[in-house]
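Q: Sharing a structure below in structure tokens format, with a few things to ask.
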Amino acid sequence: MSATGNRRTPLIAGNWKMYKTVSQAEAFIAALLPRVSSLQGVDVAVCPPYLALQALVDSARGSPVQVYAQNMHHAPEGAFTGEVSAPMLVEVGVHGVILGHSERRQMFGETDRALQLKVPAALEAGLVPILCVGETEEEREAGDTERKLRHQVQEDLARVETGRLGEVVIAYEPIWAIGSGRVATPERAQEAIAFVRALVADRSREQAERTRVLYGGSVKSENCGELLCLPDIDGALVGGGSLDPESFAAIADAAASS
Ligand code: PGA
């Protein structure tokens, strides 16, 4: 049980994006493991590029660190050049997968329709999906944040069985806060995350109580404390702040003791 009074175990996930070669990933995990192995009450995950997945799964075996991918195709196999499927990730020992990150939506044409297939496909294969949602700066200024979140959460989870909604992790990442150093204020993050949870509760109150909702966007070891102590925030999806083992371990430590 976390200090916030709910039964959800916080998750601190490091999204490395297109950073680190296999040897750099191995050096990172060797430095991270001694810093996080005694932490209690927090799940710690690293999400490297595909090529480093196997090496990290091997190095992290027997430790509390889980390994997630950053994307996958919805089909188990097929003529989809350049894609990787959920069963392929499961075979290497990957625990979960980030889906619908705003960089994939904006730069690689990821659609809500594709996510409608990917989220249930991940669950079906035994992966924990981290579904990313969030508004652009223009949408926020136009007062459209809730409309955007409602659209993304409802569409992207539409084909997930109600009884499995609680297994999906949702990361609320305001796009203007990603990589910008402009972290959302705790009030704003709490408000948006409570709204995301309420959207899940529209389908099932019980499942919404189980769903972990993370904050993402310029989380660093210096600012994570004020976010992680908020009642609806169940952890963080960390980009830049996850690339250095010391800083990433400090964020995991703040979640463990928050
Ligand atoms: P950032 O990235 O922490 O570097 O802002 C977060 C993300 O893109 O998931």
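Q: How many residues, within segment 29-74, are among the polar types (S, T, N, Q), under 21 Å from A250 (Cβ atoms) and not in a strand (DSSP E or B)?
A: The qualifying residues number 5.
Q: Another question, if that's okay. Would you call L214 within 29 Å of P49 (Cα to Cα) and of a type outside the set (S, T, Y)?
A: yes
Q: Related question: What is the one condition in (1) out of contact with any His (no Cβ under 7 Å at 6 or more places or on another chain); (2) open to solvent by 40 Å² or more (accessible area, probe 1.4 Å) that V94 does not satisfy?
A: The one condition V94 does not meet is (2).
Q: Within segment 163-183, how many residues are buried (at least 24 other Cβ atoms within 10 Å of the Cβ) and either free of Cβ contacts under 8 Å to residues at least 40 places away in the same chain or away from the ligand (no atom under 15 Å from the Cβ) (or both)?
A: Of the residues in segment 163-183, 1 are buried (at least 24 other Cβ atoms within 10 Å of the Cβ) and either free of Cβ contacts under 8 Å to residues at least 40 places away in the same chain or away from the ligand (no atom under 15 Å from the Cβ) (or both).
Q: Then there's this: Kindly establish whether E77 is without any contact (Cβ under 8 Å) to a residue 12 or more places away in the chain and either farther than 20 Å from Y215 by Cα or in a strand (DSSP E or B) (or both).
A: yes
Q: In segment 96-149, which residue that is in contact with a Ser or Thr (Cβ under 7 Å, 6 or more places away or on another chain) and farther than 15 Å from Q70 by Cα is farthest from the ligand (Cβ to nearest atom)?
A: E139
Q: Then there's this: From the list V153, V200, V219, which one is assigned to a loop (DSSP other than H, G, I, E, B) and either touching a strand residue (DSSP E or B) at 6+ places or on another chain (Cβ under 9 Å) or among the polar types (S, T, N, Q) (or both)?
A: Just one listed residue meets the conditions, V219.
The values are calculated or read from the model by the stated rules, or taken from the named source; none is laboratory data. Not measured: the values here are computed from a predicted model. Note: ideal-geometry Cβ built from the backbone for every residue, glycine included; neighbour counts use all protein chains shown. Keep in mind that these areas ignore ligands, DNA and RNA; they rest on the heavy atoms of the full protein, side chains included. Shrake-Rupley method; radii C 1.70, N 1.55, O 1.52, S 1.80 Å.
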